[in-house]
Amino acid sequence: MTKVVIPKFKLNNGLEIPALGYGTWTGLNEKDEFISEDIPKLVDAMSYAIDVGYRHIDTAHLYRVEPEVGYVVNKKIKEGVIKREDIFVTTKVWNDHHRPEDVERSVRGSLKRLGLDYVDLVLMHWPMSVSKDGVDEKIDYLDTWRGFESVLKQGLVKSIGVSNFNVEQLIRLLANCNVLPVVNQVEINLNLGQKELVDFCQKNGIQVVAYTPFGRMVPSRFDPNYPAVRHDDPVMLGLGKKYGKTVQQIALRYLYQRGITSIPKTLTKTRIVENASIFDFELDENDVATLQKFDNNFRTVRPTFWQNMTNYPFDKVDVAIPEIPVSLRIWKNGANLDID
Ligand SMILES: NC(=O)c1ccc[n+]([C@@H]2O[C@H](COP(=O)([O-])OP(=O)(O)OC[C@H]3O[C@@H](n4cnc5c(N)ncnc54)[C@H](OP(=O)(O)O)[C@@H]3O)[C@@H](O)[C@H]2O)c1
């Protein structure tokens, strides 16, 4: 079995986060229903990822797979493949748990489902607060952050952070917090470089974690109707050839050279190894400049159904606002989808 060794970045609290993690969101189908049939494949793929050397798993209450993440992590601990302290587990608090006391309830629920005594990192999934009925609860994320500081103090988590925060929201949080967020997890890929946000985070000691790190540059997400770099773009193929790597590896390496952790998701074993085999080459200055030119501010993840809510973090677009998918409001957890 090919093994990978993944370097780490230092967090502002002295702890470390592996520079590449394994994403566990199996996603929604065209009808906006959760793809639960992929969960058994995820269990298998995640076990393999740990076997080959991944030491960082990104999950969330929303993803319904905390029972499976915990099952795999605990199994690998029992098998002696890892010790608990070797693996970095992130989970997230959903938008319907933004009251400070609900943050603790959410984290305790996650720990129970995971079967772990602590998680390494818990993130506020989004800055908006939305009830299960889809109502804008208008809870200030500063109040929610008090709940995060409390679970940290109680030792339920090793680190606390945010996700999908924009610069303005971070400035306000930094000015009003007792504990700094260690991470901001946001979409970053070749089309969405997020230069201003990354510069701000790096100046302020916040580790950036890139979700959807391929954007639409994978065959499964290809759509000619979007202004996104294609997986068969000749420039990308040329760089792949020059370095003896795939276009996806070039994209992940570029993020790493920017000091960004990425958390690609794949259920495919060969791609698990491929995505982590990016630490043995270096893109030169000219090629970095070439890659920068793909940045056109195109978002792959654009939840317009939330765009009129208080604290929605992205620019608004002129579209008819769709209903919030039920699958983003109400769910059970686990492959059998019956765990609260
Ligand atoms: N904080 C947030 O709000 C937020 C939002 C979205 C995502 N996330 C996190 O970020 C993770 C990753 O984001 P994502 O799942 O949206 O997107 P992604 O990792 O950029 O892309 C996943 C897709 O790319 C394919 N793929 C993976 N590696 C490949 C390779 N080497 N070559 C070709 N295709 C490849 C996968 O296919 P196969 O699986 O079929 O191989 C899958 O269809 C999620 O799983 C989740 O943990 C967080």
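Coordinate-derived values only; no laboratory data. What you see is a predicted model; the values in this text were computed from it and never measured. As a convention, Cβ positions derive from the backbone with ideal geometry for all residues, glycine included, and neighbour counts pool all protein chains shown.
What to note about this one:
- Net charge of Cβ neighbours under 12 Å - reference Y243; Lys, Arg +1; Asp, Glu -1: 0
- When each of R230, R64, R221 is scored by the number of other beta-carbon atoms lying within 10 Å, the sequence from fewest to most is R221, R230, R64.
- Gyration tensor (alpha-carbon) shape descriptor, segment 109-220, a/c threshold 1.5: rounded
- Translational diffusion of segment 210-340, estimated by Stokes-Einstein from the Kirkwood radius over alpha carbon pairs at 4 °C in a medium of 1.567 mPa s, is 75 µm² per second.
- Listed residue pairs exceeding 26 Å between alpha carbons, taken from K158/K245; K83/K158; K10/K153; K41/K241: K158/K245; K41/K241
- Fraction of alpha-carbon pairs over 36 Å apart in segment 8-315 - percent: 13
- Just checking the listed ones, F214, F298, F222: in the Gaussian network model of the chain with Cα springs under 10 Å, the one fluctuating most is F222.
- Considering only Q307, Q154, Q248, the Gaussian network model of the chain with Cα springs below 10 Å gives its largest mean-square fluctuation to Q154.
- Protection proxy ranking of 274-281, 238-245, 88-95, by the mean of other Cβ atoms within 10 Å over each peptide's residues and highest first, is 88-95, 274-281, 238-245.
- Computed helical MRE - 222 nm, the chain, DSSP H runs ≥ 4 contributing -39500 (n - 2.57), nearest 500: -10000 deg cm²/dmol
- What you get for segment 42-198, charging only the Cβ of Lys and Arg (+1) and of Asp and Glu (-1), is a dipole of about 420 debye around the Cα centre.
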